[in-house]
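Participant: Structure incoming, see below.
All of the numbers you see were taken from the coordinates with simple rules; none came from a lab. Since the structure is predicted, the reported quantities are computational estimates derived from the model, not experimental observations. Note: ideal-geometry Cβ built from the backbone for every residue, glycine included; neighbour counts use all protein chains shown.
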Amino acid sequence: MIDLEQVLVVGALLFSIGLYVALSRRNAVGVLMGIELMLNAVNLNLVGFARFVDSPRPIDGQVFSVFVITVAAAEAAVALALAVAVYRLRQSIDVDRLNILKW
Amino acid sequence: MDDAAVVVAFWLLALLTLGSALMVAMVRDLVHAVLFLILSFVGVAGLYITLSADFVAVVQVLIYAGAISVLMIFAILLTPRSGRDNAAVSYKAPISVVAGLVGAVIVFVALKTDWATVQEDDRFPSTAAAIGDALLDPFVLPFEVASVLLVVAMVGAIILVRPPEEEA
C-alpha cells in the first residue's frame, strides 16, 4: 500500500531536482523548466494530501492542483513571451547577462 | 486494481519521473531537455492515476505534456543561437548543495510530521463531478479570478511578442 510519506518523499526529490535545474541553467527557458518541475512536485504533494489526509472535503486538494496548473500555464505563456521579447532585444536569453536594469 | 500492482506502478512511475527530471538537469541540449521534461510530466500524470486523481491526470497530460512543452519548444526554436546552447553551467557544486539541503529538509519534515491520514480504498468514486461541484460551490471566486488571470496572461503574452514596428 502506498502511504502519504512515500508520495511526499517523491515530491521532495522532484522539487529539489527542479530547484537544481532552475538555479543551474543559464538559459531562461531552462530556468522555466526547473520552475515547472517544482510546480509539478507541489501538485504531486497536493494530490497526495487529497488522497490520504483525513478531511471533510478530501477533493479540495485536487481542486487546488487544478488551480496551480492553471496559474502555471499562464505563467509559462508570459515567461516564454518575455524570453522571446528579450531575445529580440539582446540576441541572447542568458539570465547571467540580463543586467539591463543595473547601472 | 489490487494493492501490489498499484505499489509497483507507483514506484516505476516515480522512477520514470525522477529519472527523466534528472536527465533534464544533465543534458546540455535544451531540445533534449524539453523531451525529457515531457516524459517527466507524463510520469507525474501516471502518479496521479495511482493516487486516484484521474481528472487531474488528464489535465496534466493536456496542459503540461501538451501545451506547456509545445510552448517551450516554440520558445527554444524562436531563440535560435541561445536556445541550443546551455554552455558551461557555472557554480554547480553550491547549487547542488542548496538543492540537496532543501530536499533533505522537506523529506525530514515529511517523515517527522504526524499526518492525520486515513486509508480509504474507494475515496473518490468520480473525481470530475466532485471537482466540478467544488469549483462552482466553495471555489467560485478563485475560479472566476483564474479565468480573468488567463485572459490577462493571454493579452500580456500577445502584447509582449508583438513586433515593435506595429506600435501606433
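Participant: I'd like the projected area of the stretch B:1-49, averaged over all directions, using the convex hull of its alpha carbons. Report it in nm² with one decimal. Kindly include the intermediate steps, with their values, before the conclusion.
Facilitator: Values: hull surface 12.0 nm².
Projected area, direction-averaged: 3.0 nm².
Participant: Still on this structure, I have one more. From zero outward in steps of 10 Å, how is the percent of C-alpha pairs of the stretch B:89-150 spread across the bins?
Facilitator: 16, 19, 21, 33, 12
Participant: Treat chain B as a sphere of radius equal to its Kirkwood radius over Cα pairs and apply Stokes-Einstein at 20 °C in a medium of 1.002 mPa s; give the translational diffusion coefficient in µm²/s, rounded to a whole number.
Facilitator: Approximately 108 µm²/s, per Stokes-Einstein.
Participant: Something else now. Please report, largest first and rounded to whole Å, the three semi-axes of the ellipsoid equivalent to chain A, where each semi-axis is the square root of five times an eigenvalue of the C-alpha gyration tensor.
Facilitator: Computed over chain A, the values are 34, 15, 8 Å.
Participant: Zone of B:D3 (label point 7 Å along Cα→Cβ, backbone N under 11 Å): which residues in the stretch A:1-21?
Facilitator: A:1-3
Participant: Viscosity 1.567 mPa s, temperature 4 °C: what is the translational diffusion coefficient of the protein assembly as shown from Stokes-Einstein with a Kirkwood Rh over Cα pairs, rounded to a whole number of µm²/s? If you can, show how the numbers build up before the last one.
Facilitator: Values: Rh = 19.6 Å.
Rounded to a whole number, D works out at 66 µm²/s.
Participant: Here's a follow-up. What are the ³J(HN,Hα) couplings of the stretch A:91-102, residue after residue, when phi is run through the Karplus curve with 6.51, -1.76, 1.60 and θ = phi - 60°? Round to Hz, x for glycine and proline.
Facilitator: 6, 6, 10, 6, 5, 6, 9, 8, 10, 6, 8, 9
Participant: Same structure, new question: Residue by residue through the stretch A:24-39, what is 3J(HN,Hα) from phi via Karplus (6.51 cos²θ - 1.76 cosθ + 1.60, θ = phi - 60°)? Round to whole Hz and write x for glycine and proline.
Facilitator: My calculation for the stretch A:24-39 gives 8, 6, 9, 7, 4, 5, x, 4, 4, 4, x, 5, 5, 4, 5, 5 Hz in order.
Participant: Continuing with this model, one more query. For n ≥ 4 DSSP H runs only, could you compute -39500 (n - 2.57) per run for chain A, divide by its residues and tell me the 222 nm figure to the nearest 500?
Facilitator: When only DSSP H runs of four or more count, the value is -26500 deg cm²/dmol.
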